[in-house]
Amino acid sequence: MFSKFRPQPRSILVALSLSAGALTLVGALPASAGDLGPFTCTDKSGGVAGAAATVYDIRIAHHDGYDRLVIGFPTSNAMPEYQLTRQATSTFLRDASGQPVSLDGSAGIRAVLRNADIAPGAPTDLKPELPSIREVAQIGNFERVVSYGVGLATPACFRVLELSGPTRLVIDVETPADAPAATATPSAAPSQAPSQAPSPSDLASTGHPSPSAQPATFPIAAGILALLAVVAGVVITALTRFARK
């Protein structure tokens, strides 16, 4: 019987294609919260020297344990050179006039982007009034050096993520962990209840809140299981046919 074993090329190709698709989906699973890295109380720098970029968007949101600031460079394929400097005051000097500007808060982070400019309509002054990030304002755009001041409620540690597709610089400023949902006031009106925050894994992959409140891993895992079931069915059918020959 084994001498007559002749796998059909089409069945083999189907099985291999479905298996490859399942492996691709596994590789696309978002990173866990532990993969985001630790918060540190030191200045940070990075990016690619000479890489040009344009700031198109700035997003700010609070998540459990940190406030997130995202600076987007959708037309750039590389992260511009950047420098993030902590300071003990929320007063910054504008480039290149040197004029002082005081932002909301008592401490700050100065973000400098080199070989960069700003697209028309990009935010210039945001006041989210979050637990740590109180205000983010453009304080410089001179000779392709863009600067932002980040006003913080108090001095805080932070971490930096460099994301691609599109290119984004993510600055997470540490905050105290949020209280468990069970401790929330039960009498709060439905219209006053805070919306569910995106999980850190969604934000690590996209830099933006997930459009769905469901965990991103659930539909992907279901799709992988479905693909594996199809692969198993194809293989069993092929083997049954071969055994009959």
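None of the figures in this text is laboratory data; all of them are computed from the coordinates on show. Computed from a predicted model, the values in this text were never measured in an experiment. We place every Cβ from the backbone using ideal geometry, glycine too, and count neighbours over all the protein chains shown.
Reported to the nearest whole Å, the Cα centre-to-centre distance from region 110-181 to region 63-98 is 4.
Based only on other Cβ atoms within 10 Å, what is the fewest-to-most ordering of ASP95, ASP64? Least to most surrounded, the residues fall as ASP64, ASP95. Between ARG159 and SER102, full extension at 0.36 nm per residue minus the direct alpha carbon distance yields a gain of 18.1 nm. Multiplying the residue separation of ALA177 and ASP125 by 0.36 nm and subtracting their alpha-carbon distance yields 16.0 nm. Just the number, please: Stokes-Einstein D of region 34-176 in µm²/s, Kirkwood Rh from C-alpha pairs, 25 °C, 0.890 mPa s. Translational diffusion coefficient: 164 µm²/s. Other residues lying with their Cβ under 11 Å from the Cβ of ARG134 contribute a combined charge of -3, Lys and Arg counting +1, Asp and Glu -1.
The phi-based Karplus calculation (6.51 cos²θ - 1.76 cosθ + 1.60; θ = phi - 60°) puts the 3J(HN,Hα) values of region 94-100 at 6, 8, 9, 6, x, 5, x Hz, whole numbers, x for Gly and Pro.
Placing pseudo-labels 7 Å out from each Cα toward the beta carbon at ALA49 and THR91 gives an inter-label distance of 3.5 nm. Among GLU135, GLU129, GLU143, the order by Cβ neighbours within 10 angstrom, fewest to most, reads GLU143, GLU129, GLU135. Couplings for region 145-156, taken from phi via the Karplus curve 6.51 cos²θ - 1.76 cosθ + 1.60 with θ = phi - 60°, read 10, 9, 10, 10, x, 10, x, 10, 4, 8, x, 8 Hz in order; Gly and Pro are left as x.
Taking other C-beta atoms within 10 angstrom as a stand-in for reagent exposure, CYS41, CYS157 fall in the order CYS41, CYS157, fewest first.
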